[in-house]
Structure formats: structure tokens, C-alpha cells
1. How many residues are open to solvent by 70 Å² or more (accessible area, probe 1.4 Å) and either within 26 Å of the chain's Cα centre (by Cα) or modelled with pLDDT under 70 (or both) if we restrict to the stretch 278-287?
2. Looking at R234 and the list (1) surrounded by fewer than 23 Cβ atoms within 10 Å (Cβ to Cβ); (2) touching a Ser or Thr at 6+ places or on another chain (Cβ under 9 Å), which single condition is not satisfied?
3. Tell me the residue from N92, N143 that is at pLDDT 90 or above and buried (at least 18 other Cβ atoms within 10 Å of the Cβ), please.
4. How many residues are in a loop (DSSP other than H, G, I, E, B) and at pLDDT 85 or above if we restrict to the stretch 292-340?
5. When you look at F52, is it among the aromatic types (F, W, Y), closer than 30 Å to R291 by Cβ and touching a residue at least 60 places away in the same chain (Cβ under 8 Å), yes or no?
6. Residue check: is E112 at pLDDT 95 or above and surrounded by fewer than 19 Cβ atoms within 10 Å (Cβ to Cβ)?
7. I'd like to check something: does the stretch 245-264 contain any residue that is under 24 Å from the mean Cα position of the chain (by Cα), open to solvent by less than 60 Å² (accessible area, probe 1.4 Å), closer than 28 Å to G126 by Cα and at pLDDT below 75?
8. May I ask you to say which residue of S191, S168 is at pLDDT 80 or above and either open to solvent by 10 Å² or more (accessible area, probe 1.4 Å) or not in a loop (DSSP other than H, G, I, E, B) (or both)?
Amino acid sequence: MFPSPATAALLALLLLQLQLQLWAVEAQVAVGSGPPPGCPDRCGDVKVPFPFGIRDGCSLAGFGLTCNNATNPPRLMVGNGTLQVVEILLSNSTLRAVDITGAANVTFGTDEGNGTWRGVGNGTWGSPGAGLGGPYVVSEDFNRLYLTGCNIQVTLVGSSGNVITGCSSYCPIDDMYSGSASAAATTQQGSNKCPGIGCCETSVNIGRPFYGVKYKVLDREKDVVPKAVRIAERGWFERAAADLLNGSEEKAIKTPVPVVLEWAVASTGLDVILTNKQDSNWSCPTAGEARKSACLSTHSSCRNITGSYRSGYACQCRSGYAGNPYVAGGCQDINECERA
């Protein structure tokens, strides 16, 4: 007897969590200490500022990256996952990456016993590098959920099966000419929007390290638009819509997708929704715990990061200074006259 699609999706999430928890732990720099001498600060074309590092003993816990020198140029990867780092921003605690696997992997379910296709599917979106208990979550501000296809509904769910967000895409398939669906989708992409004809989009209103994906076919007419589920950086789909909607389904599904992750020091998952988040000092070390703070520059300050999913903090240079607040002397005075 095979598990139901819902049970299978939950099992997949639990297995992913277990994989993340068993991810190999490498030597890390203790909080309150900067990187030791000799740590590389670049992989290929990408700068790797502390607290990140690409060698054992060169990063804070959870911020170790992998430099794949087998490619030309080398690829900077989040752990051993499928996210290729293209930019690390200390100013707003984000990491821009490309999901090289493309669309989310969805497995379609069948009725137990007779193997009849039920028009539903389950899958996951996530990467071991962006995992449970780590510093990364999908940015709510910089990403969108995109669905392409005809007469399909997709839903993102949390680890307990709770609904997070979703949208539906429809196509006006004519009884005499099914190609009208493709024509309608192509017309919509010219307006740089996905209002629900051939594709749909919506906000990702809860940032998480990974999601369950539920997929449901609403009409079993032939789908003439390449179908795929993606979490992608805002604006990317509109620029790529022509190729994604008019190309082959296989190519569309495998097209790499840019995504923005937010990161925090001392990130801890939470089981309850916090209240009065902005007024509460959840994570920043107190004045008496300064030696335990990752904010090492004299001209840096600590900013709490809180939400319904985690707590943590980030360091930032104070007004009038710029640079790296995670290293001693990293925040340098800005010459406003030169920048004017």
C-alpha cells in the first residue's frame, strides 16, 4: 500500500529536515572573533566577506560556503545544495543566488490500487544549504511565487501542512482550437504581468528555508503552456516570460531561477508567533555580553531580526560609516563630500 499524496509530501519534508540536520559540520569561528589570517575572500567572480567563508575555520557557524573549482569560473555554492551564490550583501543581510535545478520538483499522485492519475501532485522547494536551523530563509520582500500552465492551482505549505500562499492559472481553451491558450498566455506576457492567464504570481508572505508544494490540475484539457512552479526574484519572470511560455516544457522547467535569501546571525527557529516584535530585544547581545557579539567593528550596531518563523540578529555600520561590521575596524568613515 502506498501513502497518500499528502502523507508523501509530509514524509518528504521530514526527510529533508533530517538531511539538513545531518549535514556535515565543519570547524567554525567563534562568535566574538574575526576570521584568522589567510582566509580566502573570493570564489571566482564573487566576493566572500566574513561572516561567510569557504575554508574550514573561516566563517561563523552556518555561514560556510563551498567553492567549486571544477568549473570555469569557479562556482560559489550554499553548502552542498543547488543554490549558486552570485552576490552577498552585508548592507541588508541578503544573499542573491541562482537555483540551478530550475522549477520545483513535483511528483504526480495516483489512486491506490488501480494506478489512476488523479491530477494532483506534491513536491518540495528547498536546498540543504538553506536548511532548518541555518541562517537562511526566502526573502518575503524580494521574491514571488510563479506558476505557468493552464487550469492549474499551486499552494505552498509549511512543515505541518499549513497553507502559506498559492495561486491559480487558467487558459480560455476553445472547443475548436486549443491553441488559443498559448496565444492568450503570450499576449499576457507582453504586459509584464501574470494576472492568471497562462501564468499566475503571488507574494511569498512567510519566509522559510523550504516549502512543501501542492499541485492540482483543474481541467484535464491538453496543457499547451510549459507548466512549472518557481520561487523567483521579483521581476525575473517578466523578463524571461517570452522564452518560458513559448519554449519547450523540458527547457522551461530546467531554466535556472534567481532567488534572494535573507540571513541572520544566531538564527533560531520559533514554534510560536511573536508579538511586539519591533519593541523586543530578542537576539542582540546586551551591553554586558559585547564579547559574544558578532558586531566587531567599533562603529557598528546590532539589529534584531524577528518573525513568526525565527529570531536572530544582523550587524550594520552606523550612519556615516560603511564597510564590514563583522570585522574589527571594518566600518570606515564615509567622506560625504566625495560622494556628493
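1. Step one: of the stretch 278-287, the residues open to solvent by 70 Å² or more (accessible area, probe 1.4 Å) are 278-279, 281-282, 286-287.
Next, only the ones that are either within 26 Å of the chain's Cα centre (by Cα) or modelled with pLDDT under 70 (or both) stay: 278-279, 281-282.
Total meeting the criteria: 4.
2. The number of the failed condition is (2).
3. Numbers: N92 fails: buried (at least 18 other Cβ atoms within 10 Å of the Cβ).
Exactly one residue qualifies, and that residue is N143.
4. Of all residues in the stretch 292-340, those in a loop (DSSP other than H, G, I, E, B) come to 293-299, 307-309, 318-320, 324-330, 334-335, 340.
Filter once more, keeping what is at pLDDT 85 or above: 293-299, 318-320, 324-330, 334.
So the answer is 18.
5. Details: among the aromatic types (F, W, Y): yes; closer than 30 Å to R291 by Cβ: yes; touching a residue at least 60 places away in the same chain (Cβ under 8 Å): no.
When the stated conditions are applied, F52 does not pass them.
6. Numbers: at pLDDT 95 or above: no; surrounded by fewer than 19 Cβ atoms within 10 Å (Cβ to Cβ): yes.
So E112 fails the test.
7. Filtering the stretch 245-264 for residues under 24 Å from the mean Cα position of the chain (by Cα) gives 245, 249-264.
Now narrow it down to the ones that are open to solvent by less than 60 Å² (accessible area, probe 1.4 Å): 245, 252-253, 255, 257-264.
Next, from what is left, pick out any that are closer than 28 Å to G126 by Cα: 245, 252-253, 255, 257-264.
This time we only want the ones that are at pLDDT below 75, so: none.
No, every residue in the stretch 245-264 fails to be under 24 Å from the mean Cα position of the chain (by Cα), open to solvent by less than 60 Å² (accessible area, probe 1.4 Å), closer than 28 Å to G126 by Cα and at pLDDT below 75.
8. On the way: S191 fails: at pLDDT 80 or above.
S168 is the lone residue from the list that is at pLDDT 80 or above and either open to solvent by 10 Å² or more (accessible area, probe 1.4 Å) or not in a loop (DSSP other than H, G, I, E, B) (or both).
The values are calculated or read from the model by the stated rules, or taken from the named source; none is laboratory data. All of these numbers come straight from a predicted model, not from anything done at the bench. Positions of Cβ are backbone-derived with ideal geometry, glycine not excepted, and every protein chain shown enters the neighbour counts. Note: accessible area is taken over every heavy atom of the protein model, side chains too, but ligands, DNA and RNA are not part of it. Shrake-Rupley method; radii C 1.70, N 1.55, O 1.52, S 1.80 Å.
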